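Below is one structure, written out as structure tokens; the observations come after it.
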Amino acid sequence: MEDTQTGVVKRKSGEKKPKAKVIRGKRPAAKPAKRPPMVHETGRSMPQVALAWLRQRSVPVIPILGARKLSQLQDNLASLELTLSAGHVKSLDEAGAIELGFPHYLYNKEMTRGLAYGGMRDRLLV
């Protein structure tokens, strides 16, 4: 239960805990996940599509299954029978892309690379 005047959360035991402050960065808040169109096109569940996407990516990924029920495990294992098209993989890659932000964008600037490598970057990196 929260006291609206003091912002203090009262626990059942009677002790008071200050309300946590939420600090938001400059990045936009994450949007709720939408069902990708390939879920409807393939007729498979979202976990099956997600696991098939991880398996088919160019970067090697070994997903860890977090099933608590037998039905969830069977659903996850059914993803081994699913092969996504190149278009599906591309659209999922684009949807899952992460904006790296600072300091990544700073290091990608030509001026920063010139300073870091003394103008020799092209000769050093092959």
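The values are calculated or read from the model by the stated rules, or taken from the named source; none is laboratory data. Because the structure is a prediction, the values reported are computed rather than measured. With ideal geometry, Cβ positions are generated from the backbone for all residues, glycine too; neighbour counts draw on all protein chains shown.
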*Residues located in the stretch 32-61, provided they are at pLDDT 85 or above and farther than 14 Å from residue 92 by Cβ*: 43, 45
*List the pairs whose first member sits in the stretch 56-72 and is in contact (Cβ under 8 Å) with a residue 24 or more places away in the chain, whose second member is in a loop (DSSP other than H, G, I, E, B), and whose Cβ atoms are under 7 Å apart, counting only residues at least 6 apart or on separate chains?*
56/84
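Would you kindly identify the helices (runs of 4 or more DSSP H) lying entirely within the stretch 72-119 that contain at least 1 residues that are surrounded by 11 or more Cβ atoms within 10 Å (Cβ to Cβ) and charged (D, E, K, R)?
Working: elements: 86-95, 104-107, 110-117.
Output list reads 86-95, 110-117.
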